[in-house]
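Comments concern the structure below.
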Amino acid sequence: MSRFRRWYVIADGGRARILAGDPRLHELEPVNDMESSAVHNKSHDLGSDRPGHTHESVGGSRHAVEAPDYHAKATLGFAEALASAITEGFESQAYDLLVLVAPSRFLSVLRASLPSAVDRLVEATLAKDLTHLPLGSLTERLAEIRRTG
C-alpha cells in the first residue's frame, strides 16, 4: 500500500496552519502559518460603521443604506488567500490528500474558494475550531479524525 502525503489545514476566519505528515505516527511538520489581522479587528477599524442615507426618488423621505459587512469581506479575502496557498501546494504536487478542519461557516467559505480539482482531494472535514491547540494536542485530535474518518 502506498503512503499518501496529506496536508492538514486547520483554520478559522483569521488564521490557519497547514501541516503535513501522519498524526498517527506523530509525524506532523508545519508547512505554512497564515494570519489576517483584519478579521480580528472591530468593524469601525475595518471601515465606516455607520451606513449612509439616501433620498427616495419620489417624495422627501430618507432611509439608511445597508452597511457592508466588513468582517464577511475580510473572512472571504482570507479564505481566498488560504485557498491560493492550498492550490499552490496542489500545483507543486506537495500533497495527495487534504483534511480540512475549521468552524462550519468558514469551512463552507473555504471549500467554495477551492478549485474543483483541489476540492476533490479533500479526504475528510471536521467542523471545529482547533486553531488554539498546541501542536502536540493537535496531533492527537487529527489522529482521532484519521481513525474515525
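Bear in mind that the values in this text are calculations on the coordinates, not laboratory data. Every value quoted in this text rests on a predicted model; they were computed, and no experiment measured them. FYI the Cβ positions are ideal-geometry reconstructions off the backbone, even for glycines, and counts take in every protein chain you see.
Under a Cβ-Cβ cut-off of 14 Å, what is the net charge of the residues other than ARG15 that fall near it, where Lys and Arg count +1 and Asp and Glu count -1? Net of charged neighbours comes to -3. A Cβ-based charge dipole, computed about the Cα centre of the range 67-149 with Lys and Arg at +1 and Asp and Glu at -1, lands at about 240 debye.
Of the GluC sites (Glu not before Pro) in the range 64-143, the ones in a loop by DSSP (not H, G, I, E or B) with at most 12 other beta carbons within 10 Å are GLU66.
Using the Karplus relation 6.51 cos²θ - 1.76 cosθ + 1.60 with θ = phi - 60°, the per-residue 3J(HN,Hα) values for the range 21-32 come to x, 10, x, 5, 9, 6, 10, 10, 10, x, 9, 7 Hz, with x marking Gly and Pro. Listed values for the range 131-142 are Karplus-derived 3J(HN,Hα) couplings in whole Hz (6.51 cos²θ - 1.76 cosθ + 1.60, θ = phi - 60°), namely 5, 7, 6, x, 4, x, 5, 5, 4, 5, 5, 5, and x replaces Gly and Pro.
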